Amino acid sequence: MLRQDPPNVRSGGLNIQRELDRLEEMVLDSPRFPLSKRTLVDEEQLLEQLDQIRLNLPSAFEEAEEVLNQKDEIIGQANRYAQEVIEAAKQQASQLVEESGLLRQVEVEANQIRRRLQQEIEEARSAAMAEIAQMRRQAQSEWEAEYQRAVAERDQIQRGADEYADQTLSGLEQQLNDLMRIVRNGRQQLRS
């Protein structure tokens, strides 16, 4: 089982983290009961390990508290030193700005950059609008071509349907004429 180790806590030559790792290994390396999550651990060895850790914990806590107290003191000193450095830097920067007219130069450069950016933005906007207009014209042209093609196809289909209907009706008319002739002949024979 991989885990990130906390800082080692030493007490009188005893490394608490190492002892806890040994305790964990003892449990993990012990035989398991089949078909269960239970482990058979050597009780005497386990109790010895726990006693060794338990006896050394109070001094380990004292050492940790001492380290924390020193840490707070060091951080406080570092913060005070950082504040002093910041104040000194602010004073120096203020003097430099006043002495060299740096602020005026920065403002001039900032205005130049602002104007240049506005010009570039305007050019980009104009280019984008021109491209959009071109795309709109192209889409309109494509749509009109597609519309003309659809109308032509519709007209062709309509003409084909009309021709088919005309052929069908012509055939039907021919059949009816043939039937009329047969009916007339049949009636004439009946009369004579």
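The values are calculated or read from the model by the stated rules, or taken from the named source; none is laboratory data. No experiment lies behind these values; they were computed from the predicted model shown. Quick reminder, even Gly has a Cβ in these numbers, built from the backbone with ideal geometry, and neighbours come from all protein chains shown. In case anyone asks, the SASA skips ligands and DNA or RNA and just uses the protein heavy atoms, side chains included. Shrake-Rupley method; radii C 1.70, N 1.55, O 1.52, S 1.80 Å.
Here are a few things to note about the model shown:
- 0 to 90° range, to nearest 10: angle between helix 16-29 axis and the chain longest Cα axis: 60
- Point-to-point label distance, Glu43-Val106, nm (Cα→Cβ direction, 7 Å offset): 7.7
- Pair Tyr147, Ser59: separation of 7 Å Cα→Cβ label points (nm): 9.6
- With all protein chains kept in place, the per residue accessible area of the chain amounts to 90 square angstrom at a probe of 1.4 angstrom.
- Mean Cα-pair separation over length for the chain, i.e. relative contact order, pairs under 8 Å, 6 or more apart, %: 12
- Modelled FRET efficiency - R0 41 Å, Arg137 with Ile113, Cβ distances, 0.05 increments: 0.70
- Dipole in debye (nearest 20) - the chain, about Cα centre, beta carbon charges: Lys, Arg +1; Asp, Glu -1: 2020
- Element breakdown for the chain at a 1.4 angstrom probe: carbon and sulfur atoms account for 55% of the accessible area.
- Within a Gaussian network of the chain (alpha carbon springs, distance under 10 Å), most fluctuating of Asn111, Asn177, Asn15: Asn177
- Two-site FRET efficiency, Leu20 against Asn79, from Cβ-Cβ distance with R₀ of 45 Å, rounded to 0.05: 0.85
- Projected area, mean over directions - the chain, Cα convex hull, nm²: 40.2
- Estimated FRET transfer efficiency when R0 is 41 angstrom, pair Arg159-Glu122 (beta carbons, to 0.05): 0.15
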